[in-house]
1. When you go through Glu40, Glu46 one by one, which is the residue that is under 14 Å from Glu79 (Cα atoms) and either in contact with a Ser or Thr (Cβ under 8 Å, 6 or more places away or on another chain) or part of a loop (DSSP other than H, G, I, E, B) (or both)?
2. Can you find, within the range 38-60, the residue that is surrounded by the fewest Cβ atoms within 10 Å (Cβ to Cβ) among those that are closer than 18 Å to Lys14 by Cβ and β-branched (Val, Ile, Thr)?
3. Say we look at the range 66-78 and pick out the residues that are assigned to a strand (DSSP E or B) and not aromatic (Phe, Trp, Tyr); which of these is nearest to Ser119 (Cα to Cα)?
4. Do any residues in the range 1-18 that are under 14 Å from Glu50 (Cβ atoms) have Cβ atoms under 6 Å from those of residues that are of a type in the set (S, T, N, Q) and surrounded by fewer than 16 Cβ atoms within 10 Å (Cβ to Cβ), where the two are at least six apart or on different chains, and which pairs are they?
5. I'd like to verify a number: residues in the range 5-42 that are β-branched (Val, Ile, Thr) and under 15 Å from the mean Cα position of the chain (by Cα), how many?
6. With the structure loaded, tell me whether Glu79 is touching a Gly at 6+ places or on another chain (Cβ under 9 Å) and at pLDDT 95 or above or whether it fails that test.
7. Read through the list (1) exposed (fewer than 11 other Cβ atoms within 10 Å of the Cβ); (2) within 25 Å of Ser119 (Cα to Cα), then give the number of the only condition that Ser35 fails.
8. Looking only at residues that are of a type in the set (Ser, Thr, Tyr) and within 17 Å of Pro23 (Cα to Cα) in the range 61-120, which one is surrounded by the fewest Cβ atoms within 10 Å (Cβ to Cβ)?
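The values are calculated or read from the model by the stated rules, or taken from the named source; none is laboratory data. It should be emphasised that the depicted structure is a prediction, and the values quoted were computed from it without experimental measurement. Counting neighbours? That spans all protein chains shown, and the Cβs are built from the backbone with ideal geometry, glycine included.
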Amino acid sequence: MIVIRNQNSFLLGKRGPHRPKAPGYWCPISGHIESNETQEEAVRREAREEIGVEVRPLNKIATTQTNDKTTLLHWWLAEITDGTPTLANDENSELGWFTPTELQRLAPTFQEDIAILLSL
């Protein structure tokens, strides 16, 4: 999970309708670690592929499991170093910046995700 914060807002993507898990849910940008890359490299690659920006991974902030306990999620705080977030592929159908108050009203979301963001 790639946590990108801009002052008092967090960037989330609305998962595309074709996604096998949680289509339509608002979540931080995410992806998989390829067998030949580190977590930091995966953060940079996924940000480039999904939202068309270059990021610098700052630090790992959490490790959690998905609700169905099938996947381990590595949460990284990252900052944008180049570009403006846009929909670079069909993994997400929308992007948005949300304040902590807006995050609490956003739906559908995973409350565990919102709790991690609000803890920052």
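1. Matching residue, one of Glu40, Glu46: Glu46.
2. Among those that are closer than 18 Å to Lys14 by Cβ and β-branched (Val, Ile, Thr), it is Val53.
3. Going residue by residue through the range 66-78, those that are assigned to a strand (DSSP E or B) are 72-78.
From what's left, not aromatic (Phe, Trp, Tyr): 72-74, 77-78.
On the way: Leu72: 20, Leu73: 17, His74: 16, Leu77: 12, Ala78: 16 Å.
This residue is Leu77.
4. Lys14/Ser93; Gly16/Ser93
5. Number satisfying all stated conditions: 2.
6. no
7. Every listed condition holds for Ser35 apart from (2).
8. Thr70
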